[in-house]
Amino acid sequence: MNKDLVVDTKGLACPMPIVKAKKALDTLQSGQVMEVLSTDKGSVNDFQAWVKQTNHELVKHEEEQGVYKFYVRKA
Amino acid sequence: MEQKKKTTIVLFSGDYDKAMAAFIIANGAAAYDQDVTIFTTFWGLNTLRKDEAIATNKGILEKMFGWMMPRGANKLGLSRMQMLGMGPKMIKHVIKKHNAMTLPQLIELSQEMGVKLVACTMTMDLLGIQKEEMIDGIELGGVAAYLGDASEGNVNLFI
């Protein structure tokens, strides 16, 4: 998967994954993709809701050994 | 471009745990690209006090209030399990352990995220808190300022 930016929030608790993702997304151009890494178990629900409300696209998300990966394309 | 959504929170409580909840929601809403206002009143004002003593010109009653109330976010007590000050120490320990953010960090982050912090002037007068004793970057307002924001708010909370 092509990505323009990786945001590592592993080990960080709510609300930091979303806050860091938002800050990172602000630096991207429309159409670019960022990958967010998180170990917060609530982050699947969090990211799905956040992307929907902010009109960006959650291209894909997956879990690998307790690390959640989210690919978000900026609207 | 569509109008940004708004979240407003009235922070009435001066409890560490309740203030944490308020600032976590505020930071989350700011990450949603919303306009966020936290309107602090009564005991909630103490979350925005500076932690050092500021020389002010006040009456004896106001001075007493100043001594009795916690000076700044880090000094707030818990709404449950205060245990003569043991509770807050324990909470701060587990916050660190779980890599969560302390209340002062959450407040700093909220300012960085553009959350508008408003202090209620009427209760500032009642409790004898002056603007110089509050952290920088906050605004002063009254019920009209709150209602102005809240009437356009999609989420309005009273904590």
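Quick note: the coordinates plus some simple rules give every number you see, no bench work behind them. Values in this document were obtained by computation on a predicted structure and should not be read as measured data. Don't worry about glycine lacking a Cβ; one is built from the backbone with ideal geometry, like all the others, and counts go over all protein chains shown.
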Pairs beyond 26 Å (Cα-Cα), from B:4/B:50; A:60/B:116; A:74/B:5; B:4/B:75: B:4/B:50; A:60/B:116; B:4/B:75
Chymotrypsin sites (Phe, Trp or Tyr not before Pro) within segment B:31-92: DSSP coil, no more than 10 neighbouring Cβ in 10 Å: none
Relative pair counts by distance (%), Cα atoms of segment B:1-89, 5 Å bins: 3, 13, 19, 20, 16, 12, 9, 5, 2, 1, 0
For residue A:59, residues with placed amide H under 5 Å, excluding near neighbours: A:71, A:72, A:73
For the protein assembly as shown, radius of gyration divided by Kirkwood radius, i.e. Rg to Rh on alpha-carbons: 1.02
Degrees, to the nearest 10: A:16-26 long Cα axis against longest axis of chain A: 10
10 Å Cβ neighbours from other chains, averaged over peptide B:100-112: 2
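If you take the alpha carbon radius of gyration of segment B:6-158 and divide it by 2.2 N^0.38 Å, what ratio comes out, to two decimals?
1.02
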Sorted peptide list for A:62-71, B:128-137, B:71-80, criterion being average Cβ within 10 angstrom, highest first: B:71-80, B:128-137, A:62-71
Debye-sum result for segment B:84-159 in log10 I(q)/I(0), which assumes one identical scatterer on each alpha carbon, at q = 0.12, 0.13 Å⁻¹: -0.51, -0.60
Cα-derived Rg to Rh of segment A:5-73, Kirkwood definition: 0.91
Ellipticity estimate at 222 nm from DSSP helix runs (n ≥ 4, -39,500 (n - 2.57)) divided over chain B, nearest 500: -11500 deg cm²/dmol
Mean-position separation - Cα centroids, segment A:53-75 and segment B:29-49, in angstrom: 29
At most 15 other Cβ within 10 Å, DSSP loop - trypsin sites (Lys or Arg not before Pro), segment B:6-70: B:50, B:58
